[in-house]
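Read the structure below first, then the notes.
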Amino acid sequence: MASEKPQVMVTCTAPVNIAVIKYWGKRDEALILPINSSLSVTLHQDQLKTTTTAAISKDFTEDRIWLNGREEDVRQPRLQACLREIRRLAQKQRTAGDGDALPLSLSYKVHVASVNNFPTAAGLASSAAGYACLAYTLAQVYGVEGDLSEVARRGSGSACRSLYGGFVEWQMGKQADGTDSIAQQVAPEWHWPQLRVLVLVVSAEKKLTGSTVGMQTSVETSALLKFRAEAVVPARMTEMTRYIKERDFHGFAQLTMKDSNQFHATCLDTFPPISYLNDTSRRIIQLVHRFNAHHGQTKVAYTFDAGPNAVIFTLDDTVAEFVAAVRHSFPPTANGDKFLKGLQVIPSLLSDELKAALAMEPTPGGVQYIIATQVGPGPQVLDDPHVHLLGPDGLPQRVA
Ligand code: DP6
């Protein structure tokens, strides 16, 4: 048995993912088991990530957690479920005899600090990156190996897809205990190097109806959602996987848009109805379709989660022209030099033909800014001890 150190501290990062086949609806609320499988693209952590430090120590008297510098209630059920799951897995591993790697006693309390480098609850899947990071970091401190889908999923369903880089599916599974409801990689992050992702931030406000409550109401009231889960998604999962494997942008883009639209249709079919899109979202949809029509091919796709922000997929040869089209349609009202963040993109000049084809009255300030990014890897352990968010005393020491 390895000698137990008084304290173990680990810092990890995890990515945001954006679903191209959406998860909406649970068949088991407590275990967070979905009514359909889903598929997502992992975004690069250079632009969007959660960083989490976890420490366990014999000196800690209670589990504690700080999010973006503020202490949160650790008794929150989903947090408790993650902690319980990771300790259960650690215990199981120890009983199975591979416990030598376990750094510290399981009875030790844990302190966790986590920060996002993007607005929380802005429909940018912050809970997915957050819970994936929590699961991954806890696994490091407790020495848990193997798939962490179950731990991340108990925090937020979509979080299990942030445990892997590239293109990831979350298989809904059949078992009542959820043991086969797991995430797995469909293709690695280097599979489709030309793919680019633009996050069009329409609003950084907290959303009105959270996903959890929203999807609950949809399951209770929407016949369209039931039809979608049973009759539409299974074939779409197969189709989407094929488009990704074949790097078929046309197929990928068309299906991504259709699936986003169907998800928002189920929201409207929910009673009382839920609408996550706003006027700017709808203008972006129109812009994409007109841009594609002008080119006579599908060069750009949109997808929207439970909020008005758009995520755009395109290829490297189109990104400069599309960014110019967005800037033309939604001219920044202030700080125009900060309109584009992330990967460097030099907007091209728009042709008069394209401007005419877009046929849109500009909406100044409609899009606040764009984050340009690409497909990225899964969670990472940071080796540099200087990056820890907790000090040697186990309390937060800085907000990144
Ligand atoms: C629209 O994973 O946030 O982003 O499991 O209740 O925490 P809970 O929901 P959450 O739902 C995400 C919904 C979505 C679609 C998706 O990411 O697949």
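Here are some notes:
- When A306 is tested against (1) at pLDDT below 95; (2) more than 16 Å from the ligand (Cβ to nearest atom), just one condition goes unmet, and that condition is (2).
- Residues in the range 37-49 that are polar (S, T, N, Q) and out of contact with any Pro (no Cβ under 8 Å at 6 or more places or on another chain) were compared, and the one that is farthest from P379 (Cα to Cα) is S38.
To keep it simple, each residue is scored yes or no on (1) more than 19 Å from G130 (Cα to Cα); (2) small (G, A, S); (3) without any contact (Cβ under 8 Å) to a residue 24 or more places away in the chain.
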| site | (1), (2), (3) |
| --- | --- |
| T52 | no, no, no |
| K58 | yes, no, no |
| E62 | yes, no, no |
| W66 | no, no, no |
| R70 | no, no, yes |
| P77 | no, no, yes |
| C82 | no, no, no |
| I86 | no, no, no |
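- Within the range 18-74, the set of residues being among the β-branched types (V, I, T) and under 24 Å from A253 (Cβ atoms) comprises I18, V20, I21, V41, T42.
- Taking the range 143-251 and the helices (runs of 4 or more DSSP H) fully enclosed by it, the elements with 3 or more residues that are over 30 Å from G366 (Cα atoms), within 15 Å of the chain's Cα centre (by Cα) and not basic (K, R) are at 149-155.
- Residues that are in contact (Cβ under 8 Å) with a residue 12 or more places away in the chain, more than 19 Å from A19 (Cα to Cα) and touching a strand residue (DSSP E or B) at 6+ places or on another chain (Cβ under 6 Å) do not occur anywhere in the range 214-225.
- Considered as a group, the residues in the range 109-142 that are at pLDDT 85 or above and surrounded by fewer than 21 Cβ atoms within 10 Å (Cβ to Cβ) include one that is nearest to the ligand (Cβ to nearest atom), and that residue is N117.
- Listing of strands (runs of 3 or more DSSP E) fully contained in the range 9-74 that carry 3 or more residues being of a type in the set (A, V, I, L, M) and away from the ligand (no atom under 16 Å from the Cβ): 49-57
- Residues being closer than 20 Å to A152 by Cβ, surrounded by 13 or more Cβ atoms within 10 Å (Cβ to Cβ) and not basic (K, R) - total across the range 56-81: 11
- The range 357-392 - residue that is farther than 30 Å from A187 by Cα and in contact with a His (Cβ under 9 Å, 6 or more places away or on another chain) and, of those, surrounded by the fewest Cβ atoms within 10 Å (Cβ to Cβ): P362
The values are calculated or read from the model by the stated rules, or taken from the named source; none is laboratory data. Computed from a predicted model, the values in this text were never measured in an experiment. With ideal geometry, Cβ positions are generated from the backbone for all residues, glycine too; neighbour counts draw on all protein chains shown.
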